[in-house]
Every structure is written in structure tokens, then in C-alpha cells.
Amino acid sequence: MRAAVIGSGSFGTALANVLAVNCEQVGLWGRDAALADAINTRHENSGYLPGIPISPRVQATTSLKVALEGAEMVVLATPSHATRDVISHALPYLPKHAPIITVAKGIENETLLTMTELLEDCLPEEYHPYIAVLSGPSFAKELAQRMPTVVTIASHWDKVAVRCQKALQTETFRSYTSNDVVGVQYGGALKNVIAIAAGIADGLGMGHNARAAIITRGLAEITRLAVRKGGNPLTLSGLSGMGDLVLTCTGELSRNRHVGMELGRGRALQEILADMKQVAEGVKTAKSARDLSRKVGVELPICDQVYAIAYEGKSARAAVVELMTRQPKSELV
Ligand SMILES: NC(=O)C1=CN([C@@H]2O[C@H](COP(=O)(O)OP(=O)(O)OC[C@H]3O[C@@H](n4cnc5c(N)ncnc54)[C@H](O)[C@@H]3O)[C@@H](O)[C@H]2O)C=CC1
Ligand SMILES: O=C(CO)COP(=O)(O)O
């Protein structure tokens, strides 16, 4: 079998390494020719996963045509804000009847579309039955190091999810299938915003009680939005909901939590982002969350405060006071 991964950042490279267990060849597309060359010759992605061996079956290229040629499975692993542009360039070479799995965790700013909705928007209808999403607690570094990792693969079409599940099954990578494409994607995208909030609390030195409260109430607001959009509430207590939320709000490897910690320490967003090579999806998704909240009339109080701190210069301490002194409520409302 031959697979293609579009996006040679940390997660794309890590997933290419997983696919290389069951595939004879994995084409890995990226924009950086020097990086592609290094992956092919030294079998290491020194830019994103330094020191971790990458299978020689992974063949990096800057040509979408070469990466996608003969692929029986396509993974899209560029950040969500780049997905529309990348898929439009990939379309002429996109194989028919091959699952197309998006792994980006974000909601497009301008359209408020999830990644599978965006793919349906960009691709001719004949591709739609092959669209799937992979999400769950999966730091790229651990995945690339072949540490045990378990995720969810969702598709409206059971057969497609099962095909992806089989291709990715290894001794250290396991997945569960789902048809709740909506719940899986809102869980994956919104947990990044809540992880920024958890980082802010940590940056302010607010302790474990505050972190646990943010995770729990964060899950409540993610679930509220996902259910309003047609998701199954049980999905949000699964791998792509609570699982990924806990990982990202507590894990030292999280980029979103890192952004939050620096905001909590009083640094400005642009300054924090300028120091980072990798994407922190929650920054853009905070804006989508705020707009979605207004559009569909669902309260997302933690996401709103993250937006205000990151984009409007609100003081993190003032945001905490505002959250703590909201109108008293019943927990289950
Ligand atoms: N790193 C992780 O642990 C995980 C990441 N993800 C998701 O995977 C997606 C990709 O994340 P990472 O690989 O971690 O990001 P990264 O920052 O490590 O790499 C991003 C890659 O996309 C490329 N890129 C950026 N903008 C582009 C554009 N406009 N056009 C073409 N290529 C562009 C970069 O050159 C780089 O190769 C994100 O949505 C992220 O939330 C999902 C699960 C785990
Ligand atoms: O999505 C992730 C793990 O599942 C990675 O989280 P960060 O983008 O915050 O590093």
C-alpha cells in the first residue's frame, strides 16, 4: 500500500512514521526543500522532531503530484488556516476513491466551518464519501517515538473509517471509529482554546483547583456547542473530547498551553507567537469560537475570556474575576 501525508510539520511527519509500519511507501509533502532532503537522506525531521528516527519508507517531496501519485490514503496535516489553500493546489492530483483524512484541529475563521465541512466545500462531490477526521490525545513527539497512542477516526461513511483504522493499526497506535464527525471536530478544535485558558491559569500561578475547574467547565462549554451543532454528547467524554482536553490542558508538550502560560505571565500574543516555530491552533480558533457563540447563541464563557485576553489586551486577572463572579447557575444547565 502507498499513502500520502500533506504537511511535513510535527504531526504530519509523526503520522507518516505510523503509516510506514503498514505501507511500503509514504509520500510526505512539505514546502521546505532542504527539510525534505534531510528527511530523505538522514531520516530525521530536524526542524520539527529533532533526534527522532523516521522510517526510510517515508519519502519527502515538495511536489504535490509526486506525493499523491498512487496514494491509496491521503492525510491532510497542515494547520487549519492553510487547509483550504493546500487542498485547492492538491486537487488536480488527488486520487479518487482514497480516504482523505484531515487531522487539523481548528474552525476556519472566515466561514466557521469545521475541516470536513471545508473539504466538502472545496472538493467535488465524488470525493465527499471518502472524507474522514482523525482526532484524540496524540502529541506528535510521543507518536513519532512510537509511544502508545489511542485516537478516534470519524467519518459519515463507516467503511471509510474502518479503512483508515486498519491502515493505521500498529502495536503502538490504536484507533476507535465513530460516525460523529461533528462532535469529534468540535472536541478537537475547542480543546485548544480551553488549553490556552488552562495555561493562563498556570501562568498566573492559580493552582490545581483552578486547572481542574477549567478542564471541567471547558468540557461543559465544548459539549454545549457540539450538541447545538448536532454532535453526540457522549463523543465529548471520549478520546477526542475529554481525552484530548486533559492531555492538552496538562501536558508539558502542548503549544496551546504554552501560549496560555506566557499570556498569564503578562506577555503580548504577537510577541509569544513570534518566538514559536510551530502552530498553536487555539489562537485562531478562539476567534472562531467567539463568532460561533454569537452566531448560534451558545454561551462559551471561558473561550470568550481567552479571546478577550489574547486579542483585546484584557488583563488575565480581570478575566478570572469575571468568570468567577458570573451569575450563579445550576451545574447541569
Ligand atoms: N503536533 C501535535 O501534537 C498535533 C497536531 N495536530 C494538528 O495537526 C495540524 C498540524 O499541526 P502540526 O504538524 O503540529 O504543526 P507544525 O507547526 O508542527 O507544522 C505545520 C506544517 O504546516 C506547514 N504550513 C504552515 N502553513 C502552511 C501553509 N500556508 N501552506 C502550506 N503549508 C503550511 C508548515 O510549513 C509545517 O510543515 C494542526 O491542526 C494541529 O492542531 C493534531 C494532533 C497532534
Ligand atoms: O492536539 C494535540 C495533542 O492531541 C497537540 O496539542 P498542542 O497543539 O497544544 O501542542
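Give, in nm to one decimal, the length gained when the segment between Leu234 and Glu110 is fully stretched (0.36 nm per residue of separation minus the Cα-Cα distance).
41.8 nm
Could you check the spin-label model distance between Glu72 and Glu271? Points 7 Å from the Cα along Cα→Cβ, value in nm.
5.3 nm
Nearest 500 deg cm²/dmol is fine: what mean residue ellipticity at 222 nm does the chain get from its DSSP H runs of n ≥ 4 alone, each adding -39,500 (n - 2.57), divided by its residue count?
Numbers: 15 runs with 168 residues, N = 333.
That calculation yields -15500 deg cm²/dmol at 222 nm.
Near Met1, within a Cβ-to-Cβ distance under 11 Å, what is the net charge of the other residues, with Lys and Arg +1 and Asp and Glu -1?
Details: positive: Arg2, Arg57, Arg163, Lys166; negative: Glu24, Glu72.
Here the count lands on +2.
Once both labels are modelled 7 Å past Cα along the beta-carbon direction, what's the His81-His97 spacing in nm?
Each label point lies 7 Å from its Cα, and together they span 3.9 nm.
How would you order 83-92, 23-32, 212-221 from highest to lowest mean count of nearby Cβ atoms within 10 Å? Write down the numbers at each step before the final one.
Working: 83-92: 16.2, 23-32: 21.1, 212-221: 18.9.
Packing order, densest peptide first, comes out as 23-32, 212-221, 83-92.
Under 15 Å from the 7 Å Cα→Cβ point of Val150, by amide nitrogen: which residues of segment 202-239?
Once the point is set 7 Å along Cα→Cβ of Val150, 237-239 turn out to lie under 15 Å by backbone N, inside segment 202-239.
Magnitude of the Cβ-charge dipole of segment 2-179, K/R +1 and D/E -1, about the Cα centre, nearest 20 debye? Don't skip to the end; give the middle numbers.
Details: 14 positive and 17 negative charges, 110 e Å.
Using only the charged Cβ atoms, the result is roughly 520 debye.
Quote the FRET efficiency, to the nearest 0.05, computed for Tyr176 versus His89 with a Förster distance R0 of 45 Å and r equal to the Cβ-Cβ distance. Could the numbers behind the result be given before it?
Working: r = 32 Å, r/R0 = 0.71.
It comes to 0.90.
What FRET efficiency comes out for the pair His208/Asp291, r = Cβ-Cβ distance, R0 = 30 Å, nearest 0.05?
0.40
Using the Cα centre of the chain as origin and beta-carbon charges of +1 (Lys, Arg) and -1 (Asp, Glu), tell me which of Gly238, Gly205, Pro124 is placed farthest towards the positive end of the dipole.
Going by the Cα projections, it comes out as Gly205.
Remind me, relative contact order of the chain in percent, using alpha carbon pairs under 8 angstrom and six or more residues apart? Mind dumping the intermediate values first?
On the way: 702 pairs, mean separation 48.2, N = 333.
Computed value for the chain: 14 percent relative contact order.
Taking the Cα centre of the chain as origin, work out the dipole magnitude from +1 charges on Lys and Arg Cβ and -1 charges on Asp and Glu Cβ, in debye rounded to 20.
On the way: 34 positive and 32 negative charges, 106 e Å.
It works out to roughly 500 debye.
With label points built 7 Å along Cα→Cβ from the Cα atoms of Val333 and Glu24, find their separation and express it in nm.
6.3 nm
Quick check: net charge around Val298, other residues with Cβ under 12 Å of its Cβ, Lys/Arg +1 and Asp/Glu -1? Display every interim value, and only then the final one.
On the way: positive: Arg224, Arg228, Lys229, Arg290, Arg294, Lys295; negative: Glu221, Asp291, Glu299, Asp304.
Once positives and negatives cancel, what remains is +2.
Which of the listed residues, Leu134, Ser175, Thr61, is farthest toward the dipole's positive end in segment 2-179, when Lys, Arg count +1 and Asp, Glu count -1 at the beta-carbon?
After comparing all options, I get Ser175.
How many angstrom separate the Cα center of segment 245-311 from the Cα center of segment 140-190?
24 Å
Between Glu252 and Ala34, what length comes free when the chain is fully extended (0.36 nm per residue of separation minus the Cα-Cα distance, one decimal in nm)?
Numbers: separation 218, 0.36 × 218 = 78.48 nm, distance 2.92 nm.
Value of the extension gain: 75.6 nm.
None of the figures in this text is laboratory data; all of them are computed from the coordinates on show. Not measured: the values here are computed from a predicted model. Neighbour counts are summed over all protein chains in view; Cβ atoms, including those assigned to glycine, are modelled from backbone coordinates with ideal geometry.
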